[in-house]
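The values are calculated or read from the model by the stated rules, or taken from the named source; none is laboratory data. Just so it is clear, the model here is predicted, and its values are computed rather than measured. Neighbour counts are summed over all protein chains in view; Cβ atoms, including those assigned to glycine, are modelled from backbone coordinates with ideal geometry.
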Amino acid sequence: MQEARVETLRFEYEDMEAERLDVYLSRMTGATSRTYLQKLIKEGQVTVNGQVVTVKKEKLKSGDIVSLALPPLEPMTLQPEAIPLDIVFEDDDLLVVNKASGMVVHPAPGSSTGTLVHALLHHCKGQLSGINGVARPGIVHRLDKDTSGLMMVAKTDRAHRALAEELKNQKSIRRYCALVVGVMKHEEGRIEGPIGRDPKNRLRMAIVEGGKPAVTHYKVLQRFRHYTLVECRLETGRTHQIRVHLRSIGHPIAGDPLYGTKTPLFPLEGQFLHARTLGLTHPVTHELMIFDSELPTRFIAALEKIERRDQSGI
């Protein structure tokens, strides 16, 4: 039997300010469980500049090369979990769910339970498309862990194929609300830049030569003293597209743990990107269906906090 391959991730620490090893790895890998990463550190699966480090509080300095060896995944068996879901629409072929920020879409290292997939398995009694395999039943597209909002889910393979084809042909409607750092000068704009893996961090995306074509349209909704609320419309759907594109023009999303500013202007809880509008063609009836969702409570609270600070002149 062929031995399972160990995957090694490599990062270069670029910040001038020192940071704890476990905190840095959690931020760079997106792992929801820091305990999982601390376990790997303790087991000697992490090196800094080629030397094994087993202390989770080890402080990194600029230029340090960090390597993380991920053990092979064990065979996956998913158990349904009775996790509450905000279902916007459902019939025999598909459902649209309003995903909460902080919920991982499908199982991954460090996120073996509590995902949207576990909740869907319970809610749908196992009736989900199997095209994406055992780890991602029903998942046609995904939202990042810290991104909230609307997602389509396929309950049958027929629905999955139709919805995926529509996404591929850029016929789906996907509009997002984002709170970005800085004040945008233009009322609207178009960001175009090919997206691929960041050569310095394989878990982060970047605009790179040879990447997949990507286009994002944005429109200013409201300006504040230090932030701007914008609507983004996806023309393509690359991994982390909005986050990468907004950062590329100097306006990263507020609270983004991977692409945002390390030190915020003032404390805001969470990443402020919300999938507000989703439009799709029903795979069986061929009816155009458009869904909208309100901004999450924490998003609204942050906007109110910013307005109060602006009015106070801070």
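Tabulated data for the structure shown
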{"item": "Top-ranked residue in segment 106-159 [being more than 23 Å from G255 (Cα to Cα) and among the hydroxyl-bearing types (S, T, Y); ranked as modelled with the lowest pLDDT]", "result": "S112"}
{"item": "Residue that is among the β-branched types (V, I, T) and not in a strand (DSSP E or B), where the choices are I191, I131", "result": "I131"}
{"item": "1 or more residues crowded, with 20+ Cβ neighbours inside 10 Å and either under 21 Å from the mean Cα position of the chain (by Cα) or acidic (D, E) (or both): qualifying strands (runs of 3 or more DSSP E) within segment 218-314", "result": "227-234, 273-281"}
{"item": "Conditions (1) over 29 Å from Y259 (Cα atoms); (2) within 20 Å of the chain's Cα centre (by Cα): number failed by H118", "result": "(1)"}
{"item": "Subset tally (residues that are surrounded by fewer than 17 Cβ atoms within 10 Å (Cβ to Cβ) and either in contact with a Cys (Cβ under 7 Å, 6 or more places away or on another chain) or at pLDDT 90 or above (or both)) for segment 24-42", "result": "1"}
{"item": "Of all residues in segment 146-200 being surrounded by fewer than 21 Cβ atoms within 10 Å (Cβ to Cβ) and among the polar types (S, T, N, Q), the one that is nearest to L116 (Cα to Cα)", "result": "T156"}
